[in-house]
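The values are calculated or read from the model by the stated rules, or taken from the named source; none is laboratory data. If you're wondering where the values come from, they're calculated on a predicted model, not measured in any experiment. Cβ atoms come from the backbone with ideal geometry, glycine included; neighbour counts cover every protein chain shown. Just so you know, the surface numbers come from the protein's heavy atoms only, side chains and all, with ligands and any DNA or RNA stripped out. Shrake-Rupley method; radii C 1.70, N 1.55, O 1.52, S 1.80 Å.
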Amino acid sequence: MQLFIGNKNYSSWSMRPWVLMRALAIDFEEVQLKFESDAWRREIGRRSPTGLVPVLWLDGEPIWESLAIVETVAERFPDRPVWPRDPAARAHARALCAEMHAGFRGLRGTMPMNIRGAHPGKGMTPEARRDIDRIVAIWTGCRERFGRGGELLFGAFTAADAYYAPVVMRLATYAVELPPVARAFADAVQALPAVREWCAGARAETEFYAEDEPYTERPA
Ligand SMILES: N[C@@H](CCC(=O)N[C@@H](CS)C(=O)NCC(=O)O)C(=O)O
């Protein structure tokens, strides 16, 4: 099983299935195609039907779109708790991931993921504020209703935490203040070994991708 990903510093969609599989101790080969690199130009056309990452290759077939990857992993590894066991919690988790997959364009537009960056206060448009308020409501509601067994959205780790991990990293980069329940959840996500490992990889990268760096001049 090979997971094709982009830059760890910038590729929020790549981070989701990577963190999911790492956190659930599912073995896979990571293949990194950094944006604008020769490897990207050479490989992406034959590795990804959409020209985007992430892509999971399984049994000689590509699976693109992060949500499809998550569902395929859940099906392939039924012994791993990709989704919560309780049906109501599981339905809720799927809705949260679908909402993330389809929405939050305000936040995504002005607060791109940039794990090694620090841009306090930047990007807080009314649209980003609205998205952040919704995210705080999601996290708070989920923690209160389903989170009793642990520190994450559904207590123990599930795909929903992997799905919101890039948001946690965005809120850190842009130093967004959070109310206590959301803050505690964000801290718990950042403390996950899989998230720490991904972030260490991100901080070690030096490539500058202008599309996700609206607040920094391209280095000379
Ligand atoms: N809906 C897709 C989004 C994938 C996506 O937008 N990937 C970005 C990186 S985070 C990408 O490959 N960008 C490269 C490009 O635009 O050339 C998913 O869930 O996987």
- Query: Stretch Ala200-Asp59 to full length: gain in nm at 0.36 nm per residue minus the Cα-Cα span?
  - Reply: 47.7 nm
- Task: Over the chain, with every protein chain in place, what whole percent of the accessible area is carbon and sulfur at 1.4 Å, could you tell me?
- Result: 51 percent
- Query: How large, in Å, is region 87-199 by the Kirkwood hydrodynamic radius built from its alpha-carbon pairs?
  - Reply: 14.1 Å
- Item | Largest to smallest accessible area among Met1, Met100 [probe 1.4 Å] | Met1, Met100
- Query: Over the Cα atoms of the chain, what Rg and Dmax result, in angstrom?
  - Reply: 16.8, 54
- Task: Can you tell me the dipole magnitude for the chain around its Cα centre, using point charges on the Cβ only (Lys, Arg +1; Asp, Glu -1), in Debye to the nearest 20?
- Result: 420 debye
- Note on the structure: Rounded to whole Å², per residue accessible area for region 2-80 with a 1.4 Å probe reads 46 Å²
- Item | At 1.306 mPa s and 10 °C, Stokes diffusion of region 1-129 via Kirkwood alpha-carbon radius, µm² per second | 99 µm²/s
- Cβ-placed point charges (K, R +1; D, E -1), dipole of region 108-200 about Cα centre in debye, nearest 20: 140 debye
- Query: With Cβ to Cβ distances under 15 Å as the rule, what net charge do the other residues near Thr50 carry (K, R +1; D, E -1)?
  - Reply: -1
- Query: Peptides 136-149, 16-29, 201-214: what's the order by average Cβ count within 10 Å, highest mean first?
  - Reply: 16-29, 136-149, 201-214
- Query: Where only protein heavy atoms count, and the probe is 1.4 Å, what is the accessible area per residue for region 162-220 in Å²?
  - Reply: 48 Å²
